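To keep things clear, I will list the structure first and then write my remarks on it.
The values are calculated or read from the model by the stated rules, or taken from the named source; none is laboratory data. Bear in mind the structure is a predicted one, so any value in this text is a computation, not a measurement. Positions of Cβ are backbone-derived with ideal geometry, glycine not excepted, and every protein chain shown enters the neighbour counts.
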Amino acid sequence: MSLLDEWKAVAYNEKQDRNSLQRFWDDYFMKERDVYAQLLKTPDKPYSGTVKALAETFGLTTLEMAGFLDGINDSLVKANPIDTMEEDTEVSLDFDNKKLYMNMVDARADWLYGLPEWDEIFDKETQRELYLTQKKSGTVHVAKKIGRNEPCPCGSGKKYKMCHGKKGAPALEV
């Protein structure tokens, strides 16, 4: 069983009572925030080493480190082999700043994208732009459907059903 599988078994244990699972996640999120704060203090210095060594560096257990690596993997310049990861697997934490910030916004992790360390990397305007870009990327805009009895948008003055809504009529370019 890989470290990631062990992490998922503990973190997503449905047999565990709700309160202890909530305490587990609250504790993990505090540790995760501290690790990100440390990483963001030196964004140009990529950390690397074995999973166990990095866990010791950041004061995490190897399982917590596996969970952290699972979370940050999409933001890395080169992804780590998290599915087959063991304690002695060599991993890197060389992350893309913009990707990491946007993934934190996507995860709705305000305790992470709101870290004061981000102010040293991006100015407030850039943070706002990245935030809005990420929020808009998940928004689906559905075009207003033209009703059969409404005027045709082509400007002919006819009802849609008698103009471009008619069977066999050429498609309307909106």
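Take the conditions in contact with a Phe, Trp or Tyr (Cβ under 6 Å, 6 or more places away or on another chain) and buried (at least 16 other Cβ atoms within 10 Å of the Cβ) and apply them to residue 67. Does it pass? Let's see the steps before the verdict.
Details: in contact with a Phe, Trp or Tyr (Cβ under 6 Å, 6 or more places away or on another chain): yes; buried (at least 16 other Cβ atoms within 10 Å of the Cβ): yes.
Spelling it out, residue 67 is indeed in contact with a Phe, Trp or Tyr (Cβ under 6 Å, 6 or more places away or on another chain) and buried (at least 16 other Cβ atoms within 10 Å of the Cβ).
Looking only at segment 139-173, count how many residues are touching a His at 6+ places or on another chain (Cβ under 8 Å) and either assigned to a helix (DSSP H, G or I) or exposed (fewer than 12 other Cβ atoms within 10 Å of the Cβ) (or both).
Here the count works out to 2.
Within segment 95-108, how many residues turn out to be at pLDDT below 90 and closer than 18 Å to residue 66 by Cβ?
Within segment 95-108, residues that are at pLDDT below 90 and closer than 18 Å to residue 66 by Cβ number 1.
If you check residue 74 against the conditions, is it surrounded by fewer than 20 Cβ atoms within 10 Å (Cβ to Cβ), in contact with a helix residue (DSSP H, G or I) (Cβ under 7 Å, 6 or more places away or on another chain), closer than 26 Å to residue 26 by Cβ and assigned by TED's automatic domain parsing to the domain that holds residue 36?
yes
Can you name the number of the only condition in (1) surrounded by 15 or more Cβ atoms within 10 Å (Cβ to Cβ); (2) modelled with pLDDT of 90 or more that residue 30 fails?
(1)
Name every residue in segment 39-55 that is in a helix (DSSP H, G or I) and surrounded by 14 or more Cβ atoms within 10 Å (Cβ to Cβ), in order of residue number.
39, 40, 51, 52, 53, 54, 55
Which of the following residues is within 21 Å of residue 8 (Cβ to Cβ) and either loosely packed, with under 12 Cβ neighbours inside 10 Å or assigned by TED's automatic domain parsing to the domain that holds residue 8 (or both): 62, 126? Explain how you work it out, then say what you get.
Details: 126 fails: within 21 Å of residue 8 (Cβ to Cβ).
None of the other options fit; the residue is 62.
Name every residue in segment 81-109 that is farther than 17 Å from residue 39 by Cα and either part of a helix (DSSP H, G or I) or not assigned by TED's automatic domain parsing to the domain that holds residue 45 (or both), in order of residue number.
Residues satisfying the conditions are 82, 83, 84, 105, 106.
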